[in-house]
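Read through the structure below, which is laid out as structure tokens, and then see the notes.
Nothing in this text is a laboratory measurement; each read-out follows from the coordinates by a stated rule. Remember, predicted model here, so these are calculated numbers, not experimental data. Note that we place each Cβ from the backbone using ideal geometry, even for glycine, and neighbour counts take in every protein chain shown.
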Amino acid sequence: MTPVSIRSLSKSFGQRKVLEEITLNISNGEIVGLIGPNGSGKTTLLRCIAGLLDPDKGDIYIDGRPRHQVDPEILARSLSYLPQSGEIHWDVTVQALVALGRLPHQGRWRALTDVDRQAVTRAMEACDILEFRHRPVEQLSGGERSRVLLARAMAGEPDVLLADEPISGLDPGHAIDVMDRLSHLAHSGKSVVVVMHDLTLAARYCDRLVLLHDTVIAAEGAAKDVLTADNLARCYGIRAFHGLAEKGLVIVPIARTNQGDVPVSGKPDGL
Amino acid sequence: MRKEQYLIRIPILFFVLAIAVIVAFLASLLVGPASINPFELLRAIFSGEAVTASLIFFEIRLPRAILGLMVGATLGLTGAALQGYLRNPLAEPGIIGVSASASLGAVIAFYFGLAGLFALALPLGGMLGAGLGVLVVHLLAGRSNSPLTFILAGVAVTSFAAALTSLALNMAENPFAALEIMFWLMGSLADRSFEHVWLSAPFIFLGCLVLMTIARPLDALTLGEDAAQTMGFNLGKVRRRLIFGTALSVGAATSVAGAIGFVGLVVPHLLRRLTGNRPSRLLPASAFGGAALTLTADVAVRLLSPGRELKIGVLTALIGAPFFLYLVLRQRKELS
């Protein structure tokens, strides 16, 4: 069964249309990248799937059932959302923060069980944060903090993980670490939807890309079919260097389309 | 997975807090203008004799100590709940207007002479005021889950209630009535009876119970509203419970003891790190801490000025205001 199915979804904020007639299916075991310029509706779509926004029109189905018919507490156990903001308000330890991911599995009064503790340990192992699990979160670097927040989202062992720009602000090494973990999660049978701006990493890690532009899906499919020079010019207004590296496409934005003749040809080192 | 490491283990923390409450409670029973010999008192209790010591104990000290315990626990617990919900260490029970509107309700009972007609008019007026004030805050904040709207609505109600209280003081024909209102507003546990205990206890108990049900959502709010909502928590419901629980418990506490400030601000602050910064653990810890602090402050006012007893609200403000300034300065330092 398709874990997430979106049919003819539309959403406006006041007079401004953000999404129109979006239809999209997310399957088990795949990582789907939502890409598009700022304001193209990526976060809005993710928030609609997460239940933080109600669509004006259309339906979202989770495991075949309309999302609004699924009890939020049950939905929380199968779907986890990693917000863009990365808010952490109190200086808890890394382990305590990751354990918050088990809240949907706990009753109102029940403490963490051994099953919960094992899930928290697995999430910390997967994100390679076990060694500093007793450290307060305020003492973490940006990269460590991102991995801790990802571990929190993974601790609930959800079937669907929605991540909104999980690698924004990270250096390339940490960005690759986070994407590796998301990819590993997807290929263990879960579904991952990730909003991102780094087109090279999107091309490398995502099984499928969905390019949003002007309220609609402008292109969808494999990276080589979506990240064409034509689509980048039309949707982002950029010209980019396209290269082919060992592990996939390399896209380097070079200039705005209206900036005249900036050369974009060349070959990446080592090819 | 090893259990979490804290500065002090949680069971030990609660044990220490419980001991502090018991010691402060016993001190509250034994300290006062008339000295009570505990052995004489025990003998009088078991023999059933109505000696002076047992009269003072049962009619004055015991209700006062029980009220101190309940009021302090309420202030500590609601302070922790509000700080957790608003994710702001400077929040306290007065922030949503409940203390000011409870005070206004009691002042109206004074002003129209109802307090002279029957003793319980004052606390009943306070509770009615608290209920109405919080209802207005709830309506003003509307369906928004934003803490900012909530705080602004609380500030509006607090300001309006304070203005009406000043108006009542201003218009009071009898200067003694104005003075009585002033003294009541300062907060005190003196001269309270078991009637006050029975009147406030059900509301305080129910309010605190409601607040304890939001412990888990408060933990989830550590990660912000979006994350908490996607973890299955209905934040609208959480806010309604917070308002309802605070109105019941703080409304009842203010109605019988007047406005005792700063306990709800200071106690959660002192205990936050010791509970590993976890809102769900801070709630019960702050209830214990609030009770211990209020009982200790109430003993202190009896010892500091035995002739003309200092009001407990004055003492907590004298200690709390510098502490508040310290918090502001520390936060400024952290931000810079």
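Give the Debye-formula value of log10 I(q)/I(0) at each listed q (0.15 Å⁻¹), with one equal scatterer per alpha carbon of chain B, two decimals each.
Rounded to two decimals, the profile gives -1.25.
When the Kirkwood radius is taken over all Cα pairs of the range A:4-256, what Stokes-Einstein diffusion coefficient follows at 20 °C and 1.002 mPa s, in µm²/s?
Numbers: Rh = 18.9 Å.
Result for D is 114 µm²/s.
Does anything in the range A:236-251 have its amide N under 16 Å from the 7 Å Cα→Cβ label point of A:Asp214, and if so which residues?
A:236-238
Angle, helix A:172-187 long axis vs. longest principal axis of chain A, Cα atoms, 0 to 90°, nearest 10?
70
Mind giving me the FRET efficiency for A:Asp171 and B:Leu148? R0 is 41 Å, r the Cβ-Cβ distance, nearest 0.05 is fine. Intermediate results must be reported in sequence, preceding the final value.
Values: r = 34 Å, r/R0 = 0.83.
Once the sixth-power term is evaluated, E becomes 0.75.
Using a Gaussian network model of chain A with C-alpha springs under 10 Å, which one of A:Ile254, A:Ile22, A:Ile129 is most mobile by mean-square fluctuation?
Looking only at A:Ile254, A:Ile22, A:Ile129, the biggest GNM fluctuation is shown by A:Ile254.
Summarise the partner chain shielding of A:76-88 as one whole number: the mean count of Cβ atoms from other chains within 10 Å of each residue's Cβ. Don't skip to the end; give the middle numbers.
Values: counts 6, 2, 0, 2, 3, 5, 4, 7, 1, 5, 3, 9, 4.
So the per-residue partner count for this stretch is 4.
Nearest 0.05, what FRET efficiency do B:Arg308 and A:Asp54 give at R0 = 60 Å with Cβ-Cβ as r?
On the way: r = 62 Å, r/R0 = 1.03.
Working from the Cβ atoms, E equals 0.45.
Taking amide H positions as placed 1.01 Å from N in the peptide plane, with prolines and chain starts having none, which residues 5 or more places from A:Val4, or on another chain, fall under 5 Å of its amide H?
A:Ile26, A:Asp63
Please list, in order along the range A:20-37, the HN-Hα scalar couplings obtained from phi with the Karplus expression 6.51 cos²θ - 1.76 cosθ + 1.60 (θ = phi - 60°), rounded to whole Hz, x for Gly and Pro.
9, 6, 7, 10, 7, 10, 10, 9, 5, x, 10, 10, 10, x, 9, 10, x, x
How big is the Kirkwood radius of the protein assembly as shown, worked out from every pair of different alpha carbons and given in Å to one decimal?
Working: mean 1/r = 0.0367 Å⁻¹.
27.2 Å is the Kirkwood radius here.
On average over all directions, what projected area in square nanometres does the range A:143-239 have, based on the convex hull of its Cα atoms?
Values: hull surface 26.3 nm².
Its Cα hull, projected and averaged over all orientations, spans 6.6 nm².
Once both labels are modelled 7 Å past Cα along the beta-carbon direction, what's the B:Phe39-A:Asp230 spacing in nm?
10.3
Please identify the DSSP H helices in chain B that span no less than 18 Å along the helix axis (Cα) and have a mean Kyte-Doolittle hydropathy of -1.0 or more. Spell out each step's value before the answer.
Values: long enough: B:10-30 (30 Å, 2.99); B:62-86 (36 Å, 1.20); B:98-111 (19 Å, 1.61); B:121-141 (30 Å, 1.89); B:147-171 (36 Å, 1.64); B:194-212 (26 Å, 1.70); B:235-257 (32 Å, 0.73); B:279-304 (36 Å, 0.97); B:312-335 (34 Å, 1.05).
Both cut-offs are met by B:10-30, B:62-86, B:98-111, B:121-141, B:147-171, B:194-212, B:235-257, B:279-304, B:312-335.
With no solvent and one equal point scatterer per Cα, compute the Debye intensity ratio I(q)/I(0) for the range B:1-156 at 0.10, 0.15, 0.16 Å⁻¹ and report its log10, rounded to two decimals.
Results for the range B:1-156 at q = 0.10, 0.15, 0.16 Å⁻¹ read -0.61, -1.01, -1.05.
Who wins for biggest fluctuation among A:Gly33, A:Gly243, A:Gly173 in a Gaussian network model of chain A, springs between alpha carbons below 10 Å?
Most flexible of the set in this elastic network: A:Gly173.
Using only Cα atoms, tell me the angle between helix A:142-155 and the longest principal axis of chain A; keep it within 0 to 90° and round to the nearest 10.
Taking the Cα atoms of chain A, the angle to A:142-155 is about 60 degrees.
Enumerate lysine pairs in the protein assembly as shown that are 8 or more residues apart or on different chains, then count those whose Cα atoms are under 16 Å apart. Please list the in-between numbers first.
On the way: A:Lys11/A:Lys42; A:Lys11/A:Lys57; A:Lys17/A:Lys42; A:Lys17/A:Lys57; A:Lys224/A:Lys247; A:Lys247/A:Lys267.
Lysine pairs meeting both conditions in the protein assembly as shown amount to 6.
How many nm is it between the label spots at A:Glu87 and B:Asn174, if each spot is 7 Å from the Cα in line with the beta carbon?
With each label point 7 Å from Cα toward Cβ, the separation is 5.1 nm.
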